[in-house]
Amino acid sequence: MTAHTGEGLASVMGALAVVLPVIAVAALSLAVAFDLEARQHTSSELLEFLLPQKTLLENASSAREYSRLLLETESRLLGETVNWYARRSVVG
């Protein structure tokens with residue numbers, strides 16, 4: 001092996017020693033930011049809540065019942081918004 005080949009190999013290995021950990025950290029950060037499985041699960045739970053809630057709101061027998069259901073729905077949506085914002089602020 002010549003000195004030139006050894007220098008080239010050392011340069012490549014040195015560059016990889018710097019670049020590969022940076023790529024690994026970036027990949028982990030991206031995986032956390034795009035945790036699609038968790039987002040899908042949260043969206044499914046919210047949809048399961050909202051579909052029957054819509055029917056209940058449409059069929060409310062009194063203004064009082066409608067107001068109670070509306071507050072329940074708004075509270076759930078607001079809670080999901082706060083959770084979303086908290087996750088984004090941790091990632092960002």
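The values are calculated or read from the model by the stated rules, or taken from the named source; none is laboratory data. Small disclaimer: the values here were computed from a predicted structure and weren't measured. So basically every Cβ, Gly included, is an ideal-geometry build from the backbone, and we count neighbours across all protein chains shown. These accessible areas exclude ligands, DNA and RNA; they are computed on the full protein's heavy atoms, side chains included. Shrake-Rupley method; radii C 1.70, N 1.55, O 1.52, S 1.80 Å.
Looking at the structure I just gave you, is residue 60 in a loop (DSSP other than H, G, I, E, B), hydrophobic (A, V, I, L, M, F, W, C) and surrounded by 10 or more Cβ atoms within 10 Å (Cβ to Cβ)?
yes
Can you report the number of residues in the range 51-87 which are over 23 Å from residue 33 (Cα atoms) and among the aliphatic types (A, V, I, L, M)?
8
Among the residues that make up the range 42-49, is at least one of them in contact with a helix residue (DSSP H, G or I) (Cβ under 8 Å, 6 or more places away or on another chain), surrounded by 10 or more Cβ atoms within 10 Å (Cβ to Cβ), at pLDDT 80 or above and among the polar types (S, T, N, Q)?
Yes, some residue in the range 42-49 is in contact with a helix residue (DSSP H, G or I) (Cβ under 8 Å, 6 or more places away or on another chain), surrounded by 10 or more Cβ atoms within 10 Å (Cβ to Cβ), at pLDDT 80 or above and among the polar types (S, T, N, Q).
What number of residues in the range 31-41 are open to solvent by 70 Å² or more (accessible area, probe 1.4 Å), more than 16 Å from residue 82 (Cα to Cα) and part of a helix (DSSP H, G or I)?
5
Just one of 90, 18, 22 is modelled with pLDDT under 80, open to solvent by 80 Å² or more (accessible area, probe 1.4 Å) and in a helix (DSSP H, G or I); which is it?
90 is the lone residue from the list that is modelled with pLDDT under 80, open to solvent by 80 Å² or more (accessible area, probe 1.4 Å) and in a helix (DSSP H, G or I).
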